[in-house]
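Everything below concerns the one structure shown next.
Every number in this text was worked out from the coordinates using simple rules, so none of it is lab data. Please read all numbers here as calculations on a predicted model, not as lab measurements. With ideal geometry, Cβ positions are generated from the backbone for all residues, glycine too; neighbour counts draw on all protein chains shown.
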Amino acid sequence: LLTNTRIIRGYSCSSAEYHGCVLRMVSYLHLLESDGHDVGLIRNRDTHVVPVVTVTTPTTEDITIPIVIESPQSCRRAVVTSQGSIRVGSGMDAHDIGSGVAQRYNQAATAKRDETHKLDQVSLLFASVQNRFRLTRIRKMEHSIVTTDQIRDCLNRLLELGDIHQHENEHENVWGSNPGVRPETTKQRILGRLAGHSVRITSTGNFCHLGDDGSIVIPWDWR
């Protein structure tokens with residue numbers, strides 16, 4: 001579609017659906033070229049030629065927007081995600097995909113810049129948590145729907161946990177057991193349990209557990 005986009009298959013889209021959608025998009029672009037139009041243009045339903053997108057601001061030149069193709073049931077129109085990608089359905093025709101991307105590209109570019117800034121912050125937080133708790137590694141769970149904002153919240157609370165200086169009368173263990181443990185002992189137990197381990201952060205509703213690779217998996221909204 002555009003030089004500043006890349007097409008990828010979403011989790012809900014089968015290989016056959018993805019392949020068929022890409023073929024329709026390629027055929028549509030070839031049709032435009034055969035009509036003597038720039039591939040950066042699409043034809044609307046009134047047979048007028050309109051730009052797919054106009055990128056005039058320098059801040060969008062170095063941004064690549066993912067066009068994520070999902071199943072027809074999951075997505076029926078172009079939608080911008082908070083991560084700065086544009087979701088389209090594999091059942092949409094090529095014109096609707098092109099015009100949808102055109103209308104939402106600048107919105108996606110803004111979201112992508114915001115997401116990049118958040119990821120830079122999260123990268124620093126990952127390093128701080130790994131150093132504070134002496135972890136071998138800490139990262140997001142693969143294929144998890146946990147957002148960057150949720151990961152940032154989780155990491156900030158972990159850092160607060162590492163910095164606790166509570167009074168002697170603390171009566172509740174952070175991990176939900178052994179009420180009445182003194183703050184120093186609580187902190188040592190937490191650090192001791194995490195030190196040397198790999199930690200992965202997943203979405204809400206999951207209890208802390210061991211992953212298949214031996215990592216400690218924690219929900220982002222742990223308590």
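Some points to look at:
- Per-residue extension of 0.36 nm, minus the Cα-Cα distance of residue 114 and residue 223, leaves a gain of 36.4 nm for this segment.
- Summed side-chain charge close to residue 79 - residues other than residue 79 whose Cβ falls under 15 Å, Lys, Arg +1, Asp, Glu -1: +3
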